[in-house]
1. Could you work out the relative contact order of region 177-291? I mean the mean sequence separation of Cα pairs under 8 Å and 6+ apart, divided by the number of residues, in percent.
2. Can you give the three extents of the C-alpha atoms in region 173-227 along their principal axes, from longest to shortest, in whole Å?
3. With label points built 7 Å along Cα→Cβ from the Cα atoms of Asn44 and Lys284, find their separation and express it in nm.
4. Each residue of region 244-259 in turn: what ³J(HN,Hα) in whole Hz from Karplus with 6.51, -1.76, 1.60 and θ = phi - 60°, glycine and Pro shown as x?
5. Show that you can apply the helix-only estimate: for the chain, add -39,500 (n - 2.57) for every DSSP H stretch of four or more residues, divide by all residues, and state [θ] at 222 nm to the nearest 500.
6. Over the chain, calculate the relative contact order: mean separation of alpha carbon pairs under 8 Å at least 6 apart, over the residue count, as a percent.
7. Dividing the alpha-carbon Rg of region 87-134 by 2.2 N^0.38 Å yields what?
8. Give me the dipole magnitude in Debye, nearest 20, for the chain about the Cα centre, with unit charges on the beta carbon: positive for Lys and Arg, negative for Asp and Glu.
Amino acid sequence: MKRISSGLIIAMLLLSCTHDKTPSSNRNSQNTKDKAAESLLKINQHKITIKERFSPPKDYKWVDEKSDSFGYFIENFKLKSYGSPVLKYDGTPVSTQHLHEAVFDIDTGNKDLQQCADAVIRLRAEYLYKAKKYDEIRFHFTSGDLLSWNDYKNGTRAFVSGNSVSFRKTANFDDSYQNFRNYLDLIFNYAGTISLNKETKPVAQNPDIKTGDILITPGSPGHVVFIAGVCKNKQGKRLFLLGEGFTPAQSVHLLSNPFNKNISPWYDLDIHAQETKTARYIFKPTNLRSF
């Protein structure tokens with residue numbers, strides 16, 4: 001049994017990313033006069049993957065990912081039909097529908113669990129599960145306690161009491177996909193941006209940013225977006241697509257860029273910038289990390 005600091009147990013039990021939608025210094029007001037700008041770039045609306053649907057700006061080309069990589073998994077992830085709304089876990093649409101360009105074809109679950117950090121965890125776990133890299137499916141709670149899929153499928157369960165967590169084998173072996181989803185729901189309940197930040201390593205240079213990396217502010221509230229695609233020109237300049245989950249739990253979606261309609265939905269990122277503005281959140285500082 002491990003002790004959890006009072007600050008971390010609070011973080012565990014609060015929502016894992018921004019948990020109110022009132023405007024603040026690090027949030028973009030939904031009432032901004034500048035509604036999401038319509039992209040001037042060609043969007044191949046009938047294509048079903050990120051890489052096929054979103055063409056890079058002029059003189060830019062997609063950066064290819066290795067076929068067995070997390071980045072390849074993301075940029076080739078199936079999307080819902082163009083124009084699909086972002087839906088909350090209860091099936092109702094979120095109030096802001098002008099800040100996304102695509103919706104990932106993946107369930108949200110029927111509980112308010114799969115929020116911002118959880119969306120990244122979900123995609124990472126699904127990639128590892130599909131690749132049969134079961135030994136790598138392991139995530140920490142905000143408390144620092146670790147629970148792997150291998151342990152969970154063998155019957156290990158977490159028991160939280162006050163400020164402590166213990167693990168006991170109380171269930172039979174079950175390696176079904178439904179049990180895998182049960183495992184992830186448990187992780188979503190106790191993990192968040194703080195634990196995800198600790199499970200990743202910093203990206204040192206702009207050329208090192210790749211699909212599958214994350215831009216994150218750890219905290220409660222905190223937030224995270226993930227790199228969903230990379231393109232570059234002959235001079236080596238790179239632009240990026242950004243995806244996210246949000247609070248309350250809702251569809252994983254690809255963000256538009258309301259700040260630059262000439263390249264939307266692509267973003268220009270710089271790891272040395274003091275802040276980075278995305279459609280729904282301002283990251284201070286620009287903390288880019290990689291699995």
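Bear in mind that the values in this text are calculations on the coordinates, not laboratory data. These numbers were taken from a predicted model, which means no experiment stands behind them. FYI the Cβ positions are ideal-geometry reconstructions off the backbone, even for glycines, and counts take in every protein chain you see.
1. On the way: 190 pairs, mean separation 30.0, N = 115.
Reported relative contact order: 26 percent.
2. Here the Cα extents, ordered largest to smallest, are 44, 25, 15 Å.
3. 4.0
4. 7, x, 8, 10, x, 3, 7, 3, 5, 9, 9, 6, 7, 10, x, 9
5. My calculation for the chain gives -5500 deg cm²/dmol from helical runs alone.
6. Details: 619 pairs, mean separation 81.9, N = 291.
Taking the mean separation of contacting Cα pairs over the length of the chain, I get 28 percent.
7. Details: Rg = 12.6 Å, N = 48, 2.2 N^0.38 = 9.6 Å.
Output field value: 1.32.
8. Details: 40 positive and 30 negative charges, 57 e Å.
Here the chain has a charge dipole of around 280 debye.
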